[in-house]
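Following: one structure in C-alpha cells, then a few remarks.
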Amino acid sequence: MNSSDNKQAVMNAYAAMATGNPAPYLDLLSDDVSITMFGDHRFARTFKGKDDIYRNLFGPIREVLDGTIRMNLTNVAAENDTVVVEAQGEAQTKDGRGYSNTYCFVFKLANGKITESREYMDTQLVKATFG
C-alpha cells in the first residue's frame with residue numbers, strides 16, 4: 001500500500017470510531033502490533049501484541065469508561081509507511097465524569113496493517129481518570 005492508501009485506511013477506521021464503532025480500527029491492527037504510550041500514568045509503556053493490548057490496555061479502559069472513546073480527526077498526514085493523526089477523544093466514565101482528551105498518534109503500517117503506534121496525549125488527564 002502507498003501513503004495515500006495507508007492514510008485512507010486510518011481515516012476510515014477513525015470515522016467508525018467517531019460513531020462509537022472501534023471494530024474497523026481493531027481490524028487494522030496487526031497481530032504483533034506494538035502500542036507505546038508516553039507519560040506518567042498506568043498505561044505509560046509499550047504493549048506488544050493484541051493479547052497484551054486487549055488485556056492490559058483496552059480491558060482496564062473499559063472498566064472505567066461507559067462505552068468507547070469516540071475519536072474525531074482534526075488532522076491527518078501520511079508519508080511512505082507513516083500516518084500521523086491528531087484527534088479529539090470524547091467519552092463518559094461509568095461514574096458520570098466527562099473524558100475529553102487531545103491525541104497525536106504516529107502509526108507505522110505494513111501490508112495494510114498498523115504494526116506500530118506511538119501515542120501522545122494529556123497524560124495528567126489519563127492519570128486522573130484511570131489512575
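The values are calculated or read from the model by the stated rules, or taken from the named source; none is laboratory data. No experiment lies behind these values; they were computed from the predicted model shown. Cβ placement follows ideal geometry from the backbone for every residue including glycine, while neighbour counts extend to all protein chains displayed. With ligands, DNA and RNA removed, areas are computed over all heavy atoms of the protein, side chains included. Shrake-Rupley method; radii C 1.70, N 1.55, O 1.52, S 1.80 Å.
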remark   = Within segment 4-14, residues being open to solvent by 40 Å² or more (accessible area, probe 1.4 Å) and in contact (Cβ under 8 Å) with a residue 40 or more places away in the chain number 4
inquiry  = Given the condition in contact (Cβ under 8 Å) with a residue 60 or more places away in the chain, surrounded by 14 or more Cβ atoms within 10 Å (Cβ to Cβ) and closer than 25 Å to D32 by Cα, answer yes or no: does some residue in segment 93-104 qualify?
reply    = no
note = Within segment 55-75, of all residues that are free of Cβ contacts under 8 Å to residues at least 24 places away in the same chain and under 12 Å from the mean Cα position of the chain (by Cα), the one least open to solvent (accessible area, probe 1.4 Å) is L57
remark   = Counted residues in segment 76-88 being touching a residue at least 24 places away in the same chain (Cβ under 8 Å) and either closer than 15 Å to A16 by Cβ or surrounded by 15 or more Cβ atoms within 10 Å (Cβ to Cβ) (or both) come to 7
key: Tally of residues being closer than 21 Å to D31 by Cα and not aromatic (F, W, Y) across segment 86-121   = 13
key: Hits in segment 63-110 - residues which are at pLDDT below 95, under 20 Å from K50 (Cβ atoms) and either acidic (D, E) or out of contact with any Phe, Trp or Tyr (no Cβ under 9 Å at 6 or more places or on another chain) (or both)   = T68
request  = Give the number of residues within segment 26-69 that are in contact with a strand residue (DSSP E or B) (Cβ under 8 Å, 6 or more places away or on another chain) and within 23 Å of T115 (Cβ to Cβ).
outcome  = 24
request  = Filter segment 38-48 down to the residues that are touching a Ser or Thr at 6+ places or on another chain (Cβ under 8 Å) and in contact (Cβ under 8 Å) with a residue 12 or more places away in the chain, then identify the one that is farthest from G89 (Cα to Cα).
outcome  = K48
remark   = Considering residues that are aliphatic (A, V, I, L, M) and surrounded by fewer than 15 Cβ atoms within 10 Å (Cβ to Cβ), the number found within segment 19-54 is 2
query = Taking segment 85-131 on its own, how many of its residues are touching a His at 6+ places or on another chain (Cβ under 8 Å) and among the basic types (K, R)?
reply = 1
inquiry  = For segment 108-125, check the following and say yes or no: at least one residue is surrounded by fewer than 17 Cβ atoms within 10 Å (Cβ to Cβ), in contact with a Lys or Arg (Cβ under 7 Å, 6 or more places away or on another chain) and more than 18 Å from V33 (Cα to Cα).
reply    = no
